[in-house]
Structure formats: structure tokens, C-alpha cells
Amino acid sequence: MVTTGTPLRVGIIGANVDYGWGGRAHIPALKKLPEFALTAVCTTRPETAAATADRFEVPLSFHDHKELVQHPDIDVVAVAVKVPYHFELTMAALNAGKHVYTEWPLGATLAEAKEMADAAKTKGVQTMVGLQARCSPFILRIKELIAEGYVGEVLSCSVANVAVGITEAPSDRMWRAPIEAGASSFTIGFGHTIDALEYAVSPFKDVSGVVSTQVPKWLNTDTKEMVDVTAIDTIAISGTLENGAIASAYVGSAPQHGTGYRMEIIGRDGTLVASGSGGPNTTPLQLQGGRAGSDKMEDIDITEAGVWTPNDVPQGPPFHVAQMYRKFSEQIATGTSQVPDFAAAVRLHELLDAIQRSSDTGQRQQVHKG
């Protein structure tokens, strides 16, 4: 049992020295946080695991995840691998009685996410899903301003997020082509984007949407063959939020040039706008606002209350992940809710399923409150 003041010992599954989210975001984040001790890394091959441990001065390395999750010197397991493997690795960590941070999407399906959330509850451990926009100082500032009445009654809001999408890839990236992999613009880009809107403004009460695969073939750059694709790349929705506002969202993959992120919140007494080159879960945003009686929109600064990391944490993905880890340490120490847990992930999976049903049936769907 870890006591307050003792660093939590973390093992990362998916921390390759050369590529991947674990090495790019988790390791540089953890290295700057005194609440944690990066104790172990795990990859699928012993040589890459050893190379990662050597480069980042990590005491333990594994190529079998079962050994990592069972090791007595590990308190927290971070699962930062391809989505199809989230379920197996997360369940192994939960069954070993470890606290778990699994990246979003939690599972490849809603059923997988529910089973993981149920297992976490049964085991009595703390969990966190990687919905990093909830720890973005910019999204937190918007949430704070709305709560303070900056815009008054929220009448409507909209969000768009368009990134450069995949039209070609090498063989080792083609795993994302089938929809069953659970790693598309719908689950990842849209999931992060819509979660930020719901967190800052209000959850959806009902939703109508269309999802589509607008680029149904990718070029395999290794074999020069065209590969059939079923992964969703374009999403457009509208609906009613629980606070009564009307909302819309568009997320797409642009074959050539992405146009970035923009969220607009229209209230009876004011307007807020957040924009950036990338999504709210990885990128700094520009905030602007205008209230009744003002002639123009003005820049809005974030507050110190929304920045929880040391100054030397690298910006971008490491910063957002470090924000998450810092709150996760508080949740583990106190048992109080601080971060989006597996139950929150299930709620987001349910929203995505409702949108898919709406697209399939052409009918508006009610959304589970969670």
C-alpha cells in the first residue's frame, strides 16, 4: 500500500525508445513529476525494452506484460499501446490489483470498456483514461468562465477539428484501416474533441449524426497496393445539451491540409472562442471572448489555477499527460474523483455508439447520462 509522500512507482506498457505515445508523452511527463518514479517499461521485444530502459534510466525492463503487472515494485500501470490491445493489457493490470492509466479509447468497443470499468470497480483500484483535454488549462478556463456567468445562459455551441488524415501508410500502420481496430478519426479525434465540449459546456442529451468513410482506400507504401479501409474519417453531428443549448460538431480528416481546431460558445451575455492548430488534448489554444456592450473580442489568459505541472515539463503531449498524472496522484492518495476514470470512458463510448446508431438509422438518439 502506497502512503502519501511516497512516489508512486509506474510501469509503462508501450514505451518504445524509437516511436509511440509512451516514449513521446508519458516518459518525459513522468520524469518531471516528483510524485512518481518511472520504474519499469515494457515492449514486445527484449532488445527494445532494454534500449528504452537504458536511454531513460529506468530500473526495470520487460517484454512480457504479465511480468510487469505482477511485479511487486509497480503501483501504477500505464497502457499506451495500439487500441486493439487495450483490453487484454488493462485487464491484466486490474486483475493484478494495480491502479491503471489507459489511453483513450479505453476499448475497441463499448462492451470492452464496460468490462474494464466493472473489473476496476470490483478490484477497488483507481483508474484514469487518457482524455487529456479535461486537464487542458484552456478547456478548464472555458469551463470556469461559463460557470462564472461570462456568457450568461448558453444558447449554442459548435466545434470543428480537421487534421491531416491518412491516405497512405507503411504496412505496420495499416492495422488502423478496419473499423474493428477502434482507432479512427471517430474514436480518437472526434472522441477527444467532443469530450472537451461536453466537459467545458454540458453533456449531450440527444444527438443526430452522420459518420462516413470518405477515403475508402489507402496506399500501402511498402507493397504499392491499395488497401480497403472501413475506418471512419468524417463525422458531423448536432444535438441538444443537458443545459438546453443547441450544439454541433464536425471532425474530419483532410487528405492534404488540416484547418485545425475551433470551438465557439454563444451565450445570451457573451461569446467565447477557442482555437488552435491541433486538438485540445495535445495543443495550446488561443482563447478570446466578448461580452455584451464590448466592440470586439479580446484575448483571454489562462489562470495559474489551471496549470499543475512544473515549468520544465515540455509543452505539447508531455504537458497534457503530466497534467493528468498529477491529478491521478491526488486521486490515488485521497480516493476522491480528480480525473476521468473508466466510468467516464464508458459514458463517452456510449455517446459514440449513439452517434453510430443515428447514422445507421437516420434517427435522433437519446444519450445515456452516465
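Residue-by-condition table, conditions (1) modelled with pLDDT of 95 or more; (2) touching a Phe, Trp or Tyr at 6+ places or on another chain (Cβ under 8 Å); (3) within 29 Å of K369 (Cα to Cα):
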residue	(1), (2), (3)
S238	yes, no, yes
A249	yes, yes, yes
A274	yes, yes, yes
S277	yes, yes, no
G293	no, no, no
S329	yes, yes, yes
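Screening region 29-83 for residues that are surrounded by 15 or more Cβ atoms within 10 Å (Cβ to Cβ) and of a type in the set (K, R) and picking the one that is nearest to G130 (Cα to Cα) gives K82.
Here is a check on your reading of the model: is Q338 under 13 Å from the mean Cα position of the chain (by Cα) and surrounded by 15 or more Cβ atoms within 10 Å (Cβ to Cβ)? No: the conditions fail for Q338.
Would you confirm, using the coordinates I've provided, whether D360 is part of a helix (DSSP H, G or I), under 19 Å from the mean Cα position of the chain (by Cα), not polar (S, T, N, Q) and not assigned by TED's automatic domain parsing to the domain that holds V100? The answer is no for D360.
Residues in region 104-114 that are buried (at least 19 other Cβ atoms within 10 Å of the Cβ) and without any contact (Cβ under 8 Å) to a residue 60 or more places away in the chain: E112 alone. Filtering Q288, Q315, Q323 for residues that are surrounded by fewer than 19 Cβ atoms within 10 Å (Cβ to Cβ) and either out of contact with any Leu (no Cβ under 9 Å at 6 or more places or on another chain) or within 25 Å of K32 (Cβ to Cβ) (or both) leaves a single hit, Q315. Only one of the listed residues (I237, I194) is within 15 Å of G279 (Cα to Cα) and either more than 22 Å from the chain's Cα centre (by Cα) or hydrophobic (A, V, I, L, M, F, W, C) (or both). That residue is I194.
Do we have any residue at all in region 148-158 that's assigned to a helix (DSSP H, G or I) and surrounded by fewer than 24 Cβ atoms within 10 Å (Cβ to Cβ)? Yes, region 148-158 contains a residue that is assigned to a helix (DSSP H, G or I) and surrounded by fewer than 24 Cβ atoms within 10 Å (Cβ to Cβ).
The values are calculated or read from the model by the stated rules, or taken from the named source; none is laboratory data. Since this is a predicted model, take the numbers as computed values, not measurements. Positions of Cβ are generated from backbone atoms using ideal geometry, with glycine treated the same way; all protein chains shown enter the neighbour counts.
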